[in-house]
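Below is one structure, written out as structure tokens; comments come after it.
The values are calculated or read from the model by the stated rules, or taken from the named source; none is laboratory data. Just so it is clear, the model here is predicted, and its values are computed rather than measured. Cβ sites come from the backbone with ideal geometry, for glycine too, and all protein chains shown count toward neighbours. Side chains included, ligands, DNA and RNA excluded: accessible areas come from the protein's heavy atoms. Shrake-Rupley method; radii C 1.70, N 1.55, O 1.52, S 1.80 Å.
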Amino acid sequence: MDLDAYTDAHRGEWARLDALAKQRRLDGRQADELIEGYRAGATQLSAIKTSAGSTAIGDRLSVTLSRARLRFTGATDNLLGALPAFFGAQLPAAFYRVRWLTVVVMLVTVAIGAIYATWIAGDPRVLASYGDDADLRRYVDSEFTDYYSSNPAASFAGQVWTNNAYIAAQCVAFGITGIWVPYVIFSNAQSVGIAAGVMFSYDRGDVFFEYILPHGMLELTAVFVAAAAGLRIFWALIAPGPRTRAQALAEDGRALFTVAIGLVLVLFVSGIIEGFVTPAPWPWWIKMTIGGGALAAYWFYTLYFGRRAYRAGQTGDLDEFEAGARRITSG
């Protein structure tokens, strides 16, 4: 498919559909036109995604279709009634949009962490720069593990949940700067790499993985997703395509802030695991199974439900959910 030619051929139809979706009142003829335009637009969006994958043109058409669908389906009178659509379509679609960038962020983080760990474990002079032998032995023998059990499990889970959710929200909110997300990625990778390097230097690598992986598999993935969403917003500013920068930021920002909302729940799960599973005196394989199961559940939700919702035209935009909330709160 020649995407430019296809866009030129249908630009007028999409503009008309967008105008109808934004119009305050529709007569009978216009309502029929809106429905017909929506059906045609959905078919055209499917063709674009099948041939060209994720594109700025497709994302913009998805927003128009979401707005049009809201006009003829209406906003729900029950906020709870909007939750199935949010969790069944909008949220997984938002996660799905940043799946590949999430993987890239993960690989970069692992690479930076591995470099630091190898550097510290392979050079006694670098290791010594982080403390004398007595301090480092105290860290590997007790401080590293005691961190996870020094407070009551419920209190500790709540603390790490709120802290990590705050970091994830910052990645999305400040992603537009182009600086904050790389800083968070590097700082996070550096911290993990330093801890790994010290632990491996004293032959405690098994302890490191036993206390990092159960909760870290899901927790770090959530940070990677937040970073990917922030970078995507920054890219909308740098390369908006045929859209104006303001339009690109508005469209992508609204959709990707859905990610921040969803990650609050993801990080709640990882916080529960960190507070109750990681410090538990259980066999290591039980902890790994729980952590791996949580990670597998996230990726199944993203890839299965997200792909299905995204191909159906969802972008993760909050228009429908917010409209329902506004209708309720306004009485």
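Observations, loosely collected:
Quick grid of which residues meet (1) of a type in the set (Asp, Glu); (2) closer than 19 Å to LYS287 by Cβ:
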| position | (1), (2) |
| --- | --- |
| PRO124 | no, no |
| SER149 | no, yes |
| PHE156 | no, yes |
| VAL160 | no, yes |
| GLY193 | no, no |
| GLY197 | no, no |
| ASP206 | yes, yes |
| GLY216 | no, yes |
| ARG232 | no, no |
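- Residue, most open to solvent (accessible area, probe 1.4 Å), within the stretch 115-154, restricted to residues that are without any contact (Cβ under 8 Å) to a residue 60 or more places away in the chain and of a type in the set (Ser, Thr, Tyr): TYR147
- Test result for GLY205, within 27 Å of ILE115 (Cα to Cα), open to solvent by less than 40 Å² (accessible area, probe 1.4 Å) and either without any contact (Cβ under 8 Å) to a residue 60 or more places away in the chain or touching a strand residue (DSSP E or B) at 6+ places or on another chain (Cβ under 7 Å) (or both): yes
- Within the stretch 224-246, the residues that satisfy the criterion of being open to solvent by 20 Å² or more (accessible area, probe 1.4 Å) and free of Cβ contacts under 8 Å to residues at least 60 places away in the same chain are PHE234, TRP235, ALA239, THR244, ARG245, ALA246.
- The condition of being modelled with pLDDT of 80 or more, assigned to a helix (DSSP H, G or I) and surrounded by fewer than 18 Cβ atoms within 10 Å (Cβ to Cβ) holds for only one of GLY58, GLY88, that being GLY88.
- Within the stretch 229-242, the set of residues being within 12 Å of VAL259 (Cα to Cα) and touching a Lys or Arg at 6+ places or on another chain (Cβ under 8 Å) comprises just one member, ARG232.
- In the stretch 26-45, of all residues being under 20 Å from ALA312 (Cα atoms) and open to solvent by 50 Å² or more (accessible area, probe 1.4 Å), the one that is nearest to the chain's Cα centre (by Cα) corresponds to THR43.
- Residue match in the stretch 240-253 (condition: on the phi > 0 side of the Ramachandran plot and not in a helix (DSSP H, G or I)): yes
- Count - residues of the stretch 9-25 that are more than 33 Å from the chain's Cα centre (by Cα) and either among the charged types (D, E, K, R) or within 17 Å of ASP59 (Cβ to Cβ) (or both): 2
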